[in-house]
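The values are calculated or read from the model by the stated rules, or taken from the named source; none is laboratory data. Keep in mind that what you see is a predicted model, and the values were worked out from it rather than measured. Note: ideal-geometry Cβ built from the backbone for every residue, glycine included; neighbour counts use all protein chains shown.
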Amino acid sequence: APDISTDAVLGHLRQFQSIAENQGGGNRCTGSGGYTGSVNYVKQKAEAAGYTVSEQPFSGRGGRSANVLAELPGRDPSKVIMAGGHLDSVCAGPGINDNGSGSAAVLAVAEAFAAANPNPPVTVRFGWWGDEEAGLNGSRYYVDNLSGTERGHIQAYLNFDMVASPNAGYFVYNDDDTAIEQTIKDYFAKINVPTEGQSVGGRSDSASFQRAGIKTGGIFTGAEQRKTQAQADKWGGQAGVAYDRCYHQSCDTMSNLDETALGRNSDAISWAVWELAGGGSSEPG
Ligand code: PHE
Ligand code: ZN
Ligand code: ZN
Ligand code: ZN
């Protein structure tokens, strides 16, 4: 699988930060210029990487928004592996960890896959969802508007919502497909990073896919809950402190990131999606 440069992911995150400051009055929330700017940025980068990109507008409880989709066509069009995360922030701040981190990591993986020219055995489709924060609205809209045939083609959806929490845990979703879960865990085993299971419990976009009968998995570095002593012993960081002290706050900025976690998780995303897409036995980066 392609190795993902942490600097490439950080470059996208710096752009989200400046979009929030210059176009969004400090945030990237639904209905703001910061959200529109984020959509335009992801579209432009994915198009520059060679993707055909589509924007799917919708209107939900949080207001007018849009999803962004970019696809790498595979040799077998009846099999699709999807990866994504939500592109909106809360209105309190720029949302750099939540969820600039997942959005930027998925974008860097999409760029690396296109550059590697994998001509994958199956189609790889990347999604950036609108209006997660008001209730998983973009992902639900996407899933609800798939035909039965299209829905049946999606073999897996991998979700990345908060992958660089400053006091990071390494959590792998454990509430759905065990084969997907194992694929993600295999990567962390290779790099000797211990993981723990985490149930998403309807709190992120994977739930929209799961409810539609699509197999899901994902990675999470933790939000408002506190790291335990045992976790600090194995992962580093501070016991008794939230994984993300700036969760849903104005301080979720470029200084609210664990760059080690960001780099590891970006490579884990690349590896897991590549494996599930049948990309082969290449060594992890
Ligand atoms: N979806 C939550 C948010 O955006 C974060 C979260 C992700 C919580 C995954 C639990 C599991 O605020
Ligand atoms: Zn790497
Ligand atoms: Zn959030
Ligand atoms: Zn989130």
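Quick look at the numbers
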item	result
Any hit, segment 34-52, residues being closer than 19 Å to Val106 by Cβ, touching a Leu at 6+ places or on another chain (Cβ under 7 Å) and surrounded by fewer than 18 Cβ atoms within 10 Å (Cβ to Cβ)	no
Single condition Leu107 does not satisfy, out of (1) buried (at least 24 other Cβ atoms within 10 Å of the Cβ); (2) within 16 Å of ligand 3 (Cβ to nearest atom)	(2)
Criterion (within 23 Å of Ser5 (Cβ to Cβ), away from ligand 2 (no atom under 16 Å from the Cβ) and either touching a strand residue (DSSP E or B) at 6+ places or on another chain (Cβ under 7 Å) or in a strand (DSSP E or B) (or both)) met by exactly one of Pro77, Pro120	Pro120
Unique residue being within 16 Å of ligand 4 (Cβ to nearest atom) and surrounded by 15 or more Cβ atoms within 10 Å (Cβ to Cβ) when the list is Phe188, Phe220	Phe220
Residues within segment 223-245 that are more than 16 Å from ligand 1 (Cβ to nearest atom), part of a loop (DSSP other than H, G, I, E, B) and under 28 Å from Asp177 (Cα atoms), tallied	1
Answer from Arg245, Arg226, Arg211 - the residue that is surrounded by fewer than 19 Cβ atoms within 10 Å (Cβ to Cβ), among the basic types (Lys, Arg) and within 16 Å of ligand 3 (Cβ to nearest atom)	Arg245
Entirely in segment 150-222, the strands (runs of 3 or more DSSP E) that have 3 or more residues that are more than 16 Å from ligand 2 (Cβ to nearest atom) and within 14 Å of the chain's Cα centre (by Cα)	154-160, 171-173, 216-220
Exclusive hit being within 25 Å of Thr6 (Cβ to Cβ), among the charged types (D, E, K, R), within 16 Å of ligand 4 (Cβ to nearest atom) and in contact with a strand residue (DSSP E or B) (Cβ under 7 Å, 6 or more places away or on another chain), set Asp252, Asp205	Asp205
Lone qualifier among Asn167, Asn174 - being over 23 Å from Gly93 (Cα atoms), more than 15 Å from ligand 4 (Cβ to nearest atom) and either surrounded by fewer than 18 Cβ atoms within 10 Å (Cβ to Cβ) or at pLDDT 95 or above (or both)	Asn174
Every residue from segment 19-48 that is in a loop (DSSP other than H, G, I, E, B) and more than 19 Å from the chain's Cα centre (by Cα)	Gly24, Gly25, Gly26, Gly31, Ser32
Residue count, segment 251-280 (criterion: surrounded by fewer than 20 Cβ atoms within 10 Å (Cβ to Cβ), modelled with pLDDT of 95 or more and either farther than 17 Å from Gly102 by Cα or among the aliphatic types (A, V, I, L, M) (or both))	2
Subset of segment 77-105 (residues that are near ligand 1 (Cβ under 10 Å from one of its atoms) and either among the small types (Gly, Ala, Ser) or out of contact with any Ser or Thr (no Cβ under 8 Å at 6 or more places or on another chain) (or both))	Gly85, Ser89, Val90, Gly95, Gly102
Set Ser65, Ser59: member being over 17 Å from Asp205 (Cβ atoms), of a type in the set (Gly, Ala, Ser) and assigned to a strand (DSSP E or B)	Ser59
